[in-house]
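Here is the structure we will look at.
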Amino acid sequence: MNILVTGASGLLGSDIVLYFASSDHQIIKNSFSERPGFIAADITKKEDLNKLIALNWDCIVHTTAARDPDTCEINRQDAFNLNVTAAEELAKAAAERRAKFVFISTDYVFSGNNPPYMETDKPDPINYYGETKAEAEKRVLALCPDAIIMRVSVLYGINTGLKASPLLYSSIKAIESKTELLIDNTIIRYPVYTGDVAAALNFLLQINAIGIFHLSSEDKTTKFQITKDIASLLGKDSSHIKPLNTIPLTPAKRPIDSHLDCSKIYSLGFPKSLPFKERIDIIKDKFKM
Ligand SMILES: NC(=O)c1ccc[n+]([C@@H]2O[C@H](COP(=O)([O-])OP(=O)(O)OC[C@H]3O[C@@H](n4cnc5c(N)ncnc54)[C@H](OP(=O)(O)O)[C@@H]3O)[C@@H](O)[C@H]2O)c1
């Protein structure tokens, strides 16, 4: 297939490109900024979008989004334009061409009050980011009933460097700070490796899957525990890292436990992710500030 990957320079998109490079697919890489080998386009602008739509693709893997919940909460119109309108326009183009559409979504479409969540559960987001992603899912499926929607939990990866992976970067910064720091120990996370998401997408495309799929790790953890685990794997002191046991006050509310039930994709033969600590042990040599 000729696959247009939007957000190809991003945390997830870059690992999708890397994974698909070893397959038979031809990849067209889109990013916002100019980069060699990429088609730069602002997908919130009609003429840029048309430039992408005119290319020779028969599948779109749409990863681009405003993904920071606090920014989305504050800049709602920008979040809507990127997360909903651009996704809808790309899905419309795919539908007109009868091409496959793959949309990356999030566990934040759920409130976190009633985990674990199955693919059939009704989204009930508690922040604007989650609202935009749930709305985009609906519009994509209305236009492309054979689309793949992949909802993922908090991502980590190293392909584009440490800074591009907020979970890893904030942990390393906290460890390196050596001053007492309180880190959230209330919100439950199931961090999933971007390489595993790329492998899952490749798997779903190969079996011609249709519909919504969940992917997260089976690690039930918190940002505090993640930071302690990373410090221990790097052999660094973390006695200055303390648990914050009250819910942090942020512009956007976070689901307390948006655990995704992933039994659907496992039942098709896709394997469970490596535990977080095992994966970090494998990639930790690439951690550079
Ligand atoms: N990160 C997470 O923890 C997480 C968790 C759950 C779900 N997700 C979902 O996973 C997907 C990928 O997230 P990510 O973390 O990989 O994102 P990311 O690292 O922030 O990457 C965003 C990508 O989108 C591009 N982009 C931004 N604005 C654009 C615009 N106006 N027009 C065209 N391209 C634009 C960026 O290009 P430049 O690099 O050129 O700026 C970059 O390639 C998103 O759909 C997100 O909702 C993420």
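Express in % the proportion of alpha carbon pairs of region 63-179 at distances exceeding 17 Å. Don't jump to the answer; show the numbers that get you there.
Numbers: 4143 of 6786 pairs.
It works out to 61 percent of all Cα pairs.
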Checklist outcome for this item: Shape call for region 249-289, from the Cα gyration tensor axes a ≥ b ≥ c (a/c under 1.5 means rounded, otherwise prolate when a/b beats b/c, else oblate), comes out oblate
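Per 0.36 nm of contour for each residue apart, how much would the distance between residue 42 and residue 244 grow if the chain were fully extended, relative to their Cα-Cα spacing? Intermediate values should be presented prior to the final figure.
Working: separation 202, 0.36 × 202 = 72.72 nm, distance 3.87 nm.
Full-extension gain reported as 68.9 nm.
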Checklist entry - trypsin sites (Lys or Arg not before Pro) within region 161-212: which are DSSP loop residues with at most 15 other Cβ atoms inside 10 Å? => result 178
Item to check | Exposure of residue 107 as accessible area (Å², to 10), given a probe of 1.4 Å and all protein chains | outcome: 10 Å²
Checklist entry - Considering only protein heavy atoms and a 1.4 Å probe, what is the carbon-and-sulfur percentage of the accessible area of region 175-260? => result 53 percent
Checklist entry - Taking the Cβ-Cβ separation of residue 232 and residue 256 as r and a Förster radius of 22 Å, what is the calculated FRET efficiency to the nearest 0.05? => result 0.30
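Top to bottom by accessible area (1.4 Å), largest first, where do 25, 62 land? Don't skip to the answer; put the middle values down first.
Details: 25 40, 62 0 Å².
Largest accessible area first, the residues go 25, 62.
Over the chain, give the accessible area per residue in Å² for a 1.4 Å probe, as an integer. Spell out each step's value before the answer.
Values: 13110 Å² over 289 residues.
Using a 1.4 Å probe on heavy atoms only, each residue of the chain averages 45 Å².
At a Förster distance of 25 Å, what's the computed FRET efficiency of residue 120 paired with residue 146, Cβ-Cβ distance as r, to 0.05?
Numbers: r = 18 Å, r/R0 = 0.71.
According to the calculation, E is roughly 0.90.
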Checklist outcome for this item: Ordering 35, 151 by the accessible surface of their heavy atoms, 1.4 Å probe, largest first, yields 35, 151
Checklist outcome for this item: Between the alpha carbon centres of region 242-263 and region 71-149 the gap in Å comes to 20 Å
Item to check | Environment charge at residue 215 (Cβ cut-off 9 Å; Lys +1, Arg +1, Asp -1, Glu -1) | outcome: 0
Next on the checklist: Compute the helix-to-body angle for 166-177: its Cα long axis versus the longest principal axis of the chain, expressed 0 to 90° and rounded to tens.
Outcome noted: 30 degrees
Item to check | Whichever aspartates and glutamates have a C-alpha closer than 18 Å to that of residue 100, once near sequence neighbours (fewer than 8 apart) are set aside | outcome: 24, 58, 88, 89, 137, 146
Checklist entry - If you bin every alpha carbon distance in the chain into 5 Å steps from zero, what whole percent lands in each bin? => result 1, 6, 12, 16, 19, 18, 13, 9, 4, 2, 0, 0
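Which whole-number percentage describes the relative contact order of region 4-86, with Cα contacts under 8 Å and a sequence gap of 6 or more?
Working: 104 pairs, mean separation 24.6, N = 83.
Relative CO of region 4-86 lands at 30 percent.
Would you please put 240-252, 133-145 in order of how densely packed they are, using the mean number of other Cβ atoms within 10 angstrom per residue and starting with the highest? Spell out each step's value before the answer.
On the way: 240-252: 13.2, 133-145: 19.6.
So the peptides 240-252, 133-145, ranked by packing, come out 133-145, 240-252.
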Checklist entry - Can you give the extra length, in nm with one decimal, that the chain gains between residue 75 and residue 138 once fully stretched, where that is 0.36 nm per residue apart less the Cα-Cα distance? => result 20.5 nm
Checklist entry - So what is the calculated 222 nm ellipticity per residue for the chain, using -39500 (n - 2.57) for each DSSP H run with n of 4 or more, over all residues, to the nearest 500 deg cm²/dmol? => result -11000 deg cm²/dmol
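The values are calculated or read from the model by the stated rules, or taken from the named source; none is laboratory data. Note that the coordinates shown come from a computational prediction; the quantities given were computed from them, not determined experimentally. With ideal geometry, Cβ positions are generated from the backbone for all residues, glycine too; neighbour counts draw on all protein chains shown. Surface areas here come from the heavy atoms of the whole protein model, side chains and all, with no ligands, DNA or RNA. Shrake-Rupley method; radii C 1.70, N 1.55, O 1.52, S 1.80 Å.
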